[in-house]
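Below is one structure, written out as structure tokens; comments come after it.
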Amino acid sequence: MKKNRLLSLIFTCLILGMMFMPKAKAAEAAAPTGRVTTASTALNVRSGASTSAAVVASLAKDSYVRLLEKNGIWYKVEYSGGRYGYASASYITEVGSAKEATVNTSSGGLNVRTGPSTANGIKTVLAKGTAVVVLSESNGWANIVYNGTQTGYVSASYLKYNTASVSSGYAAVKLSGVPNFKQTDSRWAAVTLGTSGKSIASIGCATTALAMTESYRLGYTINPADMSKRLSYSASGSLYWPTNYVHDTGSGYLKTMYENLKKGIPTIYASTNAYGGSHFVVVTGFKGGSLAASNFIINDPGSNSRVTLDQHIAAYPNFYKLVFYR
């Protein structure tokens, strides 16, 4: 091993068959809200997640919009009651304190006012059961978002909070186009890693995970066999990571993975089992709701059945580190 290498050495992956029980799935919260943070102009809402898609609406600076999911650099938004489009995520900041609620009047509707007082004018009336997002609450009044982008004030006494969103309400994020390679695929399973004499099928989960993230980063397919030719390995078959990859061993790894997804970056998650064997998977999405392992979607190089992070953790419970590109 060369001492001057800037690449870090990772554990050898071991594929050990283990029975597992998935953890209970956390309740999912409704989509949160974002604030438009353009410099001065309005933000275009388009019919699709592309600058070539038609503009269907625009959102004023500092206005609020309901977020449905994140797809790469685009948010799917509700820009009007029941109307949806896509807006650039670069100009939207999530409101972390926003809470989902529904109108809970005993009869009749709930007045939405221009300010937090009965002296303020009525903008509209919301029917019982209408979903709203609460931005803040003070002195018995809630500042809400309704019909996607409209804001106003209502009496907080007539709102029923969604219990999942009171604690958390993170938007769904999905990275489309991350390949789902398996290290046991016959096209590369027998490929030897460096001079180790060991194959991708036996110890190549990290190489396979890296092939997925590099394919996504570069925009073209690099299968595990081709990936192995671009890498260097120790005598035991452990790979040296490319220098543009960051290693994070911090305890806030769930939040880090979520923030990476929002930036359009898949994260390699590594953990170990009771026998010391390590395994690497790629986090490619988040279902929405609470920041729990059960809501993270993964591509597992060593399994067709493990599709969420909690299922991987059941087999490899000891967190090791995150690895992702800059």
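Does the range 92-125 hold any residues that are modelled with pLDDT of 90 or more and under 23 Å from residue 49 (Cβ atoms), and which are they? Residue satisfying the conditions is 92 alone.
Got a sec? Which of 110, 59, 43, 67 is within 16 Å of residue 135 (Cα to Cα) and touching a strand residue (DSSP E or B) at 6+ places or on another chain (Cβ under 7 Å)? Please lay out each step first, then the result.
Details: 110 fails: within 16 Å of residue 135 (Cα to Cα); 59 fails: within 16 Å of residue 135 (Cα to Cα); 43 fails: within 16 Å of residue 135 (Cα to Cα).
Just a single option satisfies the conditions, and that option is 67.
When 31, 24 are screened for being modelled with pLDDT under 50, closer than 24 Å to residue 296 by Cα and surrounded by fewer than 18 Cβ atoms within 10 Å (Cβ to Cβ), only 24 passes.
Can you tell me which residues in the range 287-302 are closer than 21 Å to residue 181 by Cβ and buried (at least 21 other Cβ atoms within 10 Å of the Cβ)?
Filtering the range 287-302 down to residues closer than 21 Å to residue 181 by Cβ leaves 296-302.
Hits for the range 287-302 are 296, 298, 299, 300, 301, 302.
When residues in the range 234-262 are screened for being buried (at least 21 other Cβ atoms within 10 Å of the Cβ) and in a strand (DSSP E or B), 1 of them pass. Look at the range 179-198: where a residue is closer than 17 Å to residue 307 by Cα and a partner is part of a loop (DSSP other than H, G, I, E, B) and not acidic (Asp, Glu), sitting 6+ places away or on another chain with Cβ atoms under 7 Å, you get 179/221; 181/223; 181/301; 182/301; 183/189; 183/204; 183/301; 183/302. Taking the range 38-62 as the range and being modelled with pLDDT of 90 or more and either assigned to a strand (DSSP E or B) or closer than 20 Å to residue 99 by Cα (or both) as the test, the residues that pass are 43, 44, 45, 46, 55, 56, 57, 58, 59. When you check residue 225 against the structure, is it touching a strand residue (DSSP E or B) at 6+ places or on another chain (Cβ under 7 Å), hydrophobic (A, V, I, L, M, F, W, C) and part of a helix (DSSP H, G or I), yes or no? Taking the combined requirement at face value, the residue does not satisfy it. For residue 129, the conditions (1) touching a Ser or Thr at 6+ places or on another chain (Cβ under 7 Å); (2) within 29 Å of residue 84 (Cβ to Cβ); (3) surrounded by 15 or more Cβ atoms within 10 Å (Cβ to Cβ) are fulfilled apart from (3). Residues that are farther than 29 Å from residue 69 by Cα, surrounded by fewer than 22 Cβ atoms within 10 Å (Cβ to Cβ), in contact with a strand residue (DSSP E or B) (Cβ under 6 Å, 6 or more places away or on another chain) and without any contact (Cβ under 8 Å) to a residue 60 or more places away in the chain occur at least once in the range 307-323. Residue 89 meets each of the listed conditions (1) surrounded by 21 or more Cβ atoms within 10 Å (Cβ to Cβ); (2) within 24 Å of residue 161 (Cα to Cα); (3) modelled with pLDDT of 85 or more apart from (2).
Residue-level analysis places residue 276 outside the set of residues that are exposed (fewer than 14 other Cβ atoms within 10 Å of the Cβ), out of contact with any Lys or Arg (no Cβ under 7 Å at 6 or more places or on another chain) and farther than 27 Å from residue 202 by Cβ.
The values are calculated or read from the model by the stated rules, or taken from the named source; none is laboratory data. Here the structure is a predicted model, which is why all the values come from computation and not from measurement. Positions of Cβ are backbone-derived with ideal geometry, glycine not excepted, and every protein chain shown enters the neighbour counts.
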